[in-house]
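Enquirer: Just passing along the structure, written as structure tokens.
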Amino acid sequence: MITTELSNIGDIIQNQRQFFETGKTKNVTFRIEQLKNLKQAIIEHEQAIVEALKADLHKPELETYLTEIGVVKEIDYAIKHLNTWTKPKKAAVSFDFFSYSARIYPEPLGVVLIIGPWNYPFQLIISPLVGAIAAGNCAIIKPSEIASHTSDVIAKIIAKHFDPAYIAVVEGGVEASEKLLAEKFDHIFFTGGTAIGKIIMAAAAKYLTPVTLELGGKSPCIVDSDINLEYTVRRITWGKFINAGQTCIAPDYLLVNQKIKQDLIDGLRKCLKEFYGDNPVSSPDYARIISQKHFDRLVNFLKDGEVIIGGENQPSERYIAPTVIDNVSLKDSVMQEEIFGPILPIIEYTDIAEAIALINSRPKPLALYLFSQNKNLQKRVLQETSSGGVCINDTVMQVGVSSLPFGGVGDSGIGNYHGKASFDTFSHNKSVLQNSFWLDLKWRYAPYEGKLPLIKKLLG
Ligand code: NAD
């Protein structure tokens, strides 16, 4: 581990402030070079990244490429669009401002802090970093200590390829976070649980630091009867059990039209066998639970309802089989807390109004999934529910579309990122209004006598 003495945090920030003040990061060519540098660093260390994720989460190599190293797509997207994003944008002015011109200049915020979680521990640090670099900031990143191998690799890569006065890594757990949060930053970008999100926001409030909070919650997945069952089952199985369910936008629970429920359960059973074999513990394609604490938390959920698929577990391996639970009560802990593991409760409904009412009675989720070909039903669910994002007839794939802002609403988060949204998150939009000297009408100057009718006319 590359240790950063926590007592040095003040110095790191001070150095970054000095670096920022040189104005180097404002240069668009510099930013593009740094994005290319980041991409190159990732490619150079691909194998170490794969190994670290294998050690932390038993993450299959394909999943690591798809969901972690795949972040290079975000880098390419930023490089491609950066010249356009950074250009001042002309803003319209009304007729009474005819001698003025208005422009919006995106400018970097300064020194930003990025704190990451353990579930996609590489991607969820690097992806916001792309936005921070693109927008011209210096950044301090704190990966999750729980995915310690990945934290280590991130620290090594960044130390090797970047000047710490520009991008620095601080490794560690709560103590490191607290030391960082005691300092003033120009933005804090946090990905993690809702409870810690509140701590981050409270710490940021002290300095009026703006925050982006990418949080979690229970993302529902509605399954109507008007579907292609085979595809539905495959897409749900993949989205739920990739990374052993430890995905912030995994379908947390299913709300299934009772007409299709038995077929769906039979389909899930068959599909799980296809994906992971008769005994998923020996599948090379199935991840493990990150820690003993989370393993114990998840095993506790198995007491709720009736396990109809899976349920097997091995503490020594931190393995929990892909599991489906029926007959759960909304009061069961599995339906009260975010599951964040390979356990899928099924709740049936007879009328879509019941499913919508259940969703609306709970905190707004990060993602909402709907499987249905019925256009009216799609429209109704979109209109009558609120969530960070929606994906219709698929799961999780919305995260891979750079043109879609990604983030929560209500308890699932504040702000968003990906693509242009990342650039905006780490930029300040500076409004600039310019007048000319070719005339100076006196309607706003004292003495005001006789000018009120004109003002009233202008405002009318
Ligand atoms: P967490 O909130 O426990 O930890 C996240 C980060 O906060 C870590 O770096 C950790 O060291 C730090 N931290 C922990 N306690 C702290 C404290 N008291 N003060 C300051 N910092 C502290 O989250 P986690 O367990 O790593 O991740 C799981 C959660 O993250 C889930 O709720 C999941 O839904 C959510 N998540 C959200 C997204 C998203 O994009 N919205 C993505 C991944 C995970």
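Enquirer: Can you give the local net charge around P280? Use residues other than it whose beta-carbon is closer than 10 angstrom to its beta-carbon, Lys and Arg +1, Asp and Glu -1. Don't skip to the answer; put the middle values down first.
Expert: Values: positive: K273; negative: D278, D285, E312.
Combined, the nearby Lys, Arg, Asp and Glu give -2.
Enquirer: Once a ≥ b ≥ c are taken as the square roots of the eigenvalues of the Cα gyration tensor of segment 56-179, is the result rounded (a/c under 1.5), prolate (a/b larger than b/c) or oblate (a/b not larger than b/c)?
Expert: Prolate.
Enquirer: Let me ask another. Checking the a/c ratio against 1.5 first, then a/b against b/c, what shape does the Cα gyration tensor give for segment 266-310?
Expert: Judged from the Cα gyration tensor, segment 266-310 comes out oblate (a/c at least 1.5, b/c at or above a/b).
Enquirer: Quote the charge dipole size of the chain about the Cα centre in Debye, to the nearest 20; the model charges only the Cβ of Lys and Arg (+1) and of Asp and Glu (-1).
Expert: Working: 48 positive and 51 negative charges, 432 e Å.
The calculation lands at about 2080 debye.
Enquirer: With a 10 Å radius around each residue's Cβ, average the other Cβ atoms per peptide and rank 434-441, 181-188, 196-203, highest first.
Expert: Order by mean packing, descending: 181-188, 196-203, 434-441.
Enquirer: Can you tell me the 0 to 90 degree angle between the C-alpha axis of helix 123-134 and the longest principal axis of the chain, rounded to 10?
Expert: 10
Enquirer: Now for a different question. So what is the accessible area of the chain per residue, in Å², with the probe set to 1.4 Å? Display every interim value, and only then the final one.
Expert: Working: 21010 Å² over 460 residues.
It amounts to 46 Å² per residue over the chain.
Enquirer: Sort 398-410, 16-28 by packing, meaning the average of other beta carbons within 10 Å per residue, with the highest value first.
Expert: On the way: 398-410: 17.8, 16-28: 15.3.
By packing density, highest mean first, the sequence is 398-410, 16-28.
Enquirer: Please report, to two decimal places, log10 I(q)/I(0) for the chain at q = 0.06, 0.11 Å⁻¹ as given by the Debye formula with identical point scatterers on the Cα atoms and no solvent.
Expert: -0.31, -0.90
Enquirer: Right, here's the next one. Compactness ratio of segment 62-110: Cα Rg over 2.2 N^0.38 Å, N = residue count?
Expert: 1.92
Enquirer: Rounded to the nearest 20 debye, what is the charge dipole size of segment 1-87 about its Cα centre when +1 sits on each Lys and Arg Cβ and -1 on each Asp and Glu Cβ?
Expert: Rounded to the nearest 20 debye, it is 600 debye.
Enquirer: Quick one: work out Rg over Rh on the C-alpha atoms of segment 202-345, Rh as Kirkwood radius.
Expert: Working: Rg = 16.5 Å, Rh = 16.1 Å.
Rg/Rh for segment 202-345 comes to 1.03.
Enquirer: Return the percentage of antiparallel bridges among DSSP beta bridges fully within the chain, rounded to the nearest 5 %.
Expert: 35
Enquirer: Using packing as a proxy for protection, rank 262-272, 385-395 so that the peptide with the highest average count of other Cβ atoms within 10 Å comes first. Don't skip to the end; give the middle numbers.
Expert: Details: 262-272: 18.1, 385-395: 19.6.
Put in order of decreasing packing, that is 385-395, 262-272.
Enquirer: Considering only the other residues whose Cβ falls under 9 Å of the Cβ of W85, what net charge follows from Lys and Arg at +1 and Asp and Glu at -1?
Expert: +1
Enquirer: How about K90: which lysines have a C-alpha closer than 16 Å to its C-alpha, ignoring those fewer than 8 places off in the same chain?
Expert: K430
The values are calculated or read from the model by the stated rules, or taken from the named source; none is laboratory data. These numbers were taken from a predicted model, which means no experiment stands behind them. Cβ: placed from backbone, ideal geometry, glycine included. Neighbour counts: every protein chain shown. Side chains are part of the model used for accessible areas, which takes the heavy atoms of the whole protein and leaves out ligands, DNA and RNA. Shrake-Rupley method; radii C 1.70, N 1.55, O 1.52, S 1.80 Å.
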